[in-house]
Every structure is written in C-alpha cells, then in structure tokens.
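First comes the structure, then the notes that go with it.
Derivation of every value follows stated rules applied to the coordinates shown; laboratory data play no part. Computed from a prediction, not measured in an experiment: that's the story for all the values here. Methodologically, a virtual Cβ is constructed for each residue, glycine included, from the backbone with ideal geometry; neighbour enumeration extends over all protein chains shown.
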Amino acid sequence: MNKYPERTDVVIVGSGAAGSLMAVKLSKSGKKVIILEAGPIRKPGDLISSQIHARRLKWSGEPVEETGAQPIGNVFNSGYGTGGSALHHYGVWPRLHAEDFKVKSLYGRALDWPITYDDLRPSYDQIQQEVGISGDKAREIWRPDGADYPLPPVPVFQQGEIIAGGFKKLGKSISPLPLALNSRDYKDRPACLWDGWCDAGCPTGALANPLALYLPQTEKQGGKIIHNATVSRILTDDGGKKAIGVIYHADDGTEITQMAHMVILAAFAVQTPRLLLNSADGGLANRSGLVGANIMSHAAATVYGLFNEEMEPYMGATGGQLLNQDSYDHKDKRTKGFGSYQWMIAQAVKPNDLLGFGGTNPALFGPKLTEFMQQAAQHFGGMTGCVEDLPVQENRITLSSDKDKYGIPLPTADHASHKDSYALWQAAKEEGTEIFKAAGATHIWNGPLGPMHIMGGTIMGDKAEKSVTNSYGQCHDIDNLFIAGPGLFPTCGGVNPTFTVHALTLRSSKYILKNWPAIT
Amino acid sequence: MPGARAAGLSHYIDHQLSSRDNLLILRYLRVKPPFDGFYSSALTAFEQAVRKRYNKNPGELAQGEMSEFITSIMQKNPEGWAKSGEDAPPAPFFYFVLRSDAIDVTYGTMAAFDSLDIPYMAHIEPDHAWESRRE
C-alpha cells in the first residue's frame, strides 16, 4: 500500500543531535518540518538506570556488517529511536582546535576543512549559551578562543583528585572537563546529581540530549517527528539535480512518499551514505566517488588502575571529571605516530557492561574475579584517551549484497586505523601508564583499542571532485539536498564530536534560511 | 563467575533470547541476531572439547580441571572445539561473552550494587524480569 501525504517544506532523516537542532531552527523560522526517525519513540520515563537496559538505546535496526582490522563499533556508537546516539552520549563537549581544520596545509597530509576555527567560533559560542556547558575556560589552557562557559565547572570527586596527582607530579596540566551537563540549574533544566548513569540516557534533563532540548521545542513550534520510519530512497527530479522528497517504510510495511522542498540527511555516518548509495546508480550526490569514503573512529586508549585510596569510582559523569590536552597541538610532535589526543580523566564507572570495571581485565575469572570486583568497587580508577583517527579513503561504507526486510542493501563498514593513528594510540597508552604510576596506582593495565564515535563518510570540502558537500553540508551535486552530522568531518581531531556537530548544524541552518528561495 | 548460577545466569540468557527486545551484551559485539545459535553451538563445542580433554562432561569436572580448561580457552580454541561444528564461535570470544553475561547478572542489579557497597542512585529503577526466576 502506498501513501502520499501533503508536501512539506523540509524532511529531515534522523532525530539525533544534528536532526533535532536543524529541525528546531528551521521550524522556528516558520518552515514546516517533518523528522523521520527509524527507531521507536523514547520518552524520559523510558531511560531506566541500568547498564543492561541502556542497550535498548543503541543501534538495533538492520545489521551493519563490519570488516577491517579496527571495526567501528556501530551498535555501541550509534543510536536508535528518539534522539539517536545523542540520547546516550556522555556530554563531553570540547572544541576542535584551529589546527584541526588545516591538517593538510600545516603538515602536508590528511585533509583540510573548507572552513577555519574562526568560521565556526561564533556557532560554538552561541550553542554553548543555548545548551549550557559547565567548564573553566581559564584553566582549559589548550582551548581555542571564544566565550566563557555559561556554567561553573563540574565537581571533582576522589577519583579525579588522585589521578590528577599523577598529572601534576609529571608536570602535566589538567582542567575541568567541559561537559554539556548542568553543574547548576540552567534554563529550566536541573543540575546533575553525579550518579554516572549517562550511558543509560539522562531522564532528568541535566544532560543536554535532544529529548531535553531541541525536540520538545521543535514539536512546540509545529514540527513533527514520525517514528519507526525507515527511509529507503531520496527522490530527485528527472534531471537528478533537485531532491523532491523521500520514500520511507512505516512499521506496518506501508510505503510512504513524503515530498519536500528540501531533504536533510542527519542519519549518522553509516546510514546517511547508505541512503545516498541506494538512491541512484553509482550513488546520489556522488560525482566525487567519495560517498561512504573516509569513515573515521577515534581510538580509545584506556588506562585502568587499582589504588590504595578510596576512589569513589561510581561518582561523577560517565564522560569524566578532568581534561588534559597536552598532546593535542603540534600533531607532528608526538613520541609515536601523528595527530592529537586528549585524556578524559576519572570517568564514573559501573560494575558491568562493556565499559564497566568488571570487563576491563578479562583474564580474571572465578574467585579472583570476585575479589577484584569487591576491590574495584571502591579502589578503581580509569581514564580514556580520545585518539585522532586520520582519514583513509579506503575506510568506507559500501552496500552489501544482503538486504533488509524492505529489500534495501545493508551497509558494510570497513575500517582499519591509519598506521600513524595506531602508533599514536600506543603512545597514549604508554603515557597514561606513566601517569597512573605517578598517581600511585598499585596495579595498572590497559584495554584493547576500542572504537569511539563514528565520523566521515560524506566529507565536506571546497572542491566537488574531492568532497561530497560544501562547508554548509549542501551537496555539491544537488542544491536542496543537505547532510548534517559528524559524517561531514574531513578530519576528526582528538576531541568528542557532538559540540562540533551542533556548531556546524547551527551554521548550516542559518545558511539555509538566508538562501531558502535560491536553494529551493 | 562465582554467584552467577544463583543470580540466574541461565534464566537471564534464556529470557533475553526469547525477548523481542534482546538486551544481551552480544548486541555490541558484531554478531548478527538471532543469537540462539551462538550460545547453542558454543555450548556444544565447549562440551565436546571438555570430553576430548578429560573424558568427562563439564559438570563432572573438578574445580581445578575447570579452571585449567577455562584458562586454556582464553587465547585459542582447545582441541576438540573445531570439530564441534563450523558455526561455533571462537572459544576466546565465547569466554568473553559468557563472562560478560555472568557479570551482568551477578553485578548489574540494585541488590548487587548494594553488596559491593556502591550507591545505585537510580533516576528510574530497573525491573529485571529474570530475577524472579533465579534459583
């Protein structure tokens, strides 16, 4: 059965960080916006404080085949349902640095962004005021210039204090971790309770996720979100130069054609290229041949330790309490490899799950595991390095020969770290181990390389033959087809992507509104 | 994992496998659902490898033998594992998954947090349906 609802101004695919922000800005200016979300509806009351229940928020759509030496971890890193992956993100919101935008120009490798930090700085500043970031600009000595954080820094608990001692002993700097969590009440949203349930989704609204912020505002302004809506194709006019809508499948299998003046793909870095590749022979908006290429994922360098002190490892935010970016600028000055990384220090941790302390040392079993669990509950400390992943064109999303229930080819994600990124990950682990020794850890160990965040796949750039979109996410080949989200990143730096996703999306929304008649 | 049986490990896995909304950690680990075959093939492989090495069923192993066998599967497939069927997952991977399941069921509940002296601090308390069926 087919349905053809009324044409709308804008159809947005995906309700995560980028989709929800784009929706609120466009609907506020009077555009009729429909968001199509593949997953189910989520409400604050669904965000149960449990690492087992938290898995419900992760990707559970059709499977993504992952290949390569360092797979991207699609399920853990993606979201499914209202708010997408931003619903379970940890709210670590540092800015990219100026040199992240000019890696090719400065070092003759990787890629440049088509914009500079200064182009994005006003958007970073506006977003942090809207959302509320807790931090301390003066102590965050590595941070590029911009407005002060609107909220005071997050508290430091025992775990943070003790690990900070290691950094200080080695002459390294630390600052409060900039978090999109309220350190005090802010704009009708309450302060965080520092209970460490971020991964399960924050039902109080203290953490800036789409349910707490932009989606309710969108609906209030008349925007509409349709759940369980799996988009299979972007429709274009006969010449293929203009997007005219999308086809999606409702949960009952009904095929619906939603016509629109503008199509915005905000379906994250795997599903957005999948959609483009499935929408035309050779892929839509794919003159460059780069749709799907340059998929990146930060390498997580984990350092764990047991300490004699009471650490209170359950207190704080899942993202951490403190930050170090001493190994960020001057990407060519690392002991090994090339690139940037930061330490997120003293993350609140639970006993179970992929990031729980019980999983950190798989060699332990039986009574030794019991003994470890009891000791770690009070004496565990940890920190994670967010290590830059250099873009590699062969790391890419392609279409599989397998198909989903609607007959759409499944995506395959192939990813292997650049050798210099892998070497940088090793260097980070070594540095982290020395820091934990200096902090007085009695036992220290590391985890394997874990994929963290997914970026790239539809990169932006100046030239149509070397990128998929311009700096606003506007496809080079189709003026009224936009992409929003981390898929636009040509390089990923060594910081968490969500703040930059917001800044880029805000900038794009202003461009769209300013140029609406010409674009549509 | 001491305590996993009493905490209802087998009920937990059965419950999740029979749920439409399966919450096993296996979701994260690049295994295509449904997951029933993962567990059944691995358990068959486990049993056959134990028989090959000790000429006993797994339940008959002494504690020392079980520890020795578990240590042997952490890094590679033990002898007898490969013959159990081509679909069986690698032994080290099965070990990691089952160990994680055991930690989930033993330490992932409010009562377990309490036993570790960790404040649970729930915003919304979980209801773990499998708990009512534990031994």
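Enumerate the calculated ³J(HN,Hα) couplings along the range B:29-46 in order (Karplus 6.51 cos²θ - 1.76 cosθ + 1.60, θ = phi - 60°), each rounded to whole Hz, writing x wherever the residue is Gly or Pro.
For the range B:29-46, the Karplus curve yields 10, 6, 10, 6, x, x, 9, 3, x, 4, 6, 5, 5, 5, 5, 5, 5, 4 Hz.
How large is ³J(HN,Hα), in whole Hz, for each residue of the range A:97-114 in order, when computed from phi with the Karplus curve 6.51 cos²θ - 1.76 cosθ + 1.60 and θ = phi - 60°, using x for Gly and Pro?
Once rounded to whole Hz, the list reads 9, 4, 6, 4, 7, 9, 5, 5, 5, 7, 10, x, 8, 6, 9, 9, 7, x.
Report, in deg cm²/dmol and to the nearest 500, the calculated mean residue ellipticity at 222 nm for chain A, where each DSSP H run with n ≥ 4 adds -39500 (n - 2.57) and the sum is divided by the residue count.
-7000 deg cm²/dmol
So what's the angle, to the nearest 10 degrees on a 0 to 90 scale, between helix A:367-379 and the longest Cα principal axis of chain A?
90 degrees
What's the FRET efficiency of A:E465 with A:D402 using the Cβ-Cβ distance as r and R₀ = 41 Å, to the nearest 0.05?
0.85
Return the long-range amide H neighbours of A:I35 (sequence gap of 5 or more, or a different chain), with a cut-off of under 5 Å between placed amide H atoms.
A:I12, A:K224, A:I225, A:I226
Mind putting a number on the dipole of the range A:8-519 about its Cα centre? Charges go on the C-beta only, +1 for Lys and Arg and -1 for Asp and Glu, and I need it in Debye to the nearest 20.
I would put it at about 560 debye.
Within 10 Å of each Cβ in A:39-52, how many Cβ atoms from other chains are there, averaged over the peptide?
4
Under a crude label model (7 Å from the Cα following the beta-carbon direction), how far is A:A191 from A:R287 in nanometres?
5.5 nm
Suppose R0 equals 56 Å; then what is the FRET efficiency for B:E65 and A:A518 from their Cβ-Cβ distance, rounded to the nearest 0.05?
0.15
Go ahead and run the numbers for FRET between B:S19 and A:I41, Cβ-Cβ distance against an R0 of 22 Å, rounding to 0.05.
0.70
Tell me what chain B gives for mean residue ellipticity at 222 nm when only DSSP H runs of n ≥ 4 count, each as -39,500 (n - 2.57), the sum divided by the residue total, rounded to 500 deg cm²/dmol.
About -15000 deg cm²/dmol.
I need the phi-derived Karplus couplings for the range A:11-25: 6.51 cos²θ - 1.76 cosθ + 1.60, θ = phi - 60°, integer Hz, Gly and Pro marked x.
Once rounded to whole Hz, the list reads 10, 10, 9, x, 10, x, 4, 6, x, 5, 5, 4, 4, 5, 5.
Quick one: grab the alpha carbon gyration tensor of the range A:103-200, order the square roots of its eigenvalues as a ≥ b ≥ c, and give me rounded if a/c is under 1.5, else prolate or oblate depending on whether a/b is larger than b/c.
Here the range A:103-200 falls in the oblate category.
Just tell me how shielded B:109-121 is by partners: mean number of partner chain Cβ atoms within 10 Å of each residue's Cβ, no decimals.
Mean partner-chain Cβ count within 10 Å for B:109-121: 5.
Using amide H atoms built in the peptide plane, which far-off residues or other-chain residues are under 5 Å from A:Q342 H to H?
Counting only residues 5 or more places away or on other chains, the set is A:C386.
Taking the dipole about the Cα centre of the protein assembly as shown, with the C-beta of Lys and Arg at +1 and of Asp and Glu at -1, give me whichever of B:S67, B:P119, A:I34 is farthest to the positive side.
Projecting each Cα onto the dipole axis, the largest value belongs to A:I34.
Can you tell me the orientation of helix A:117-131 relative to chain A, as the angle in degrees between its alpha-carbon axis and the longest Cα principal axis, to the nearest 10?
With rounding to tens, the tilt is 80 degrees.
Which GluC sites (Glu not before Pro) in the range A:349-449 sit in a loop by DSSP (not H, G, I, E or B) and have at most 14 other Cβ atoms within 10 Å of their own Cβ?
Those satisfying the criteria are A:E394.
At 7 Å along Cα-to-Cβ for each site, give me the label-to-label distance between A:N2 and B:E125 in nm.
Distance between label points: 5.4 nm.
Which length gain, in nm to one decimal place, applies between A:T335 and A:S173 when the Cα-Cα distance is subtracted from 0.36 nm times their residue separation?
Between A:T335 and A:S173, full extension yields 56.5 nm more.
Between A:D479 and B:S40, with labels modelled 7 Å along Cα→Cβ, what's the label distance in nm to one decimal, could you check?
5.9 nm
Any idea what angle helix A:498-514 forms with the longest principal axis of chain A, computed on alpha-carbon atoms, 0 to 90 degrees, nearest 10?
With rounding to tens, the tilt is 30 degrees.
Is the range B:3-135 rounded, prolate or oblate when judged by the Cα gyration tensor, a ≥ b ≥ c being the square roots of its eigenvalues, rounded requiring a/c under 1.5 and prolate requiring a/b larger than b/c?
Judged from the Cα gyration tensor, the range B:3-135 comes out prolate (a/c at least 1.5, a/b above b/c).
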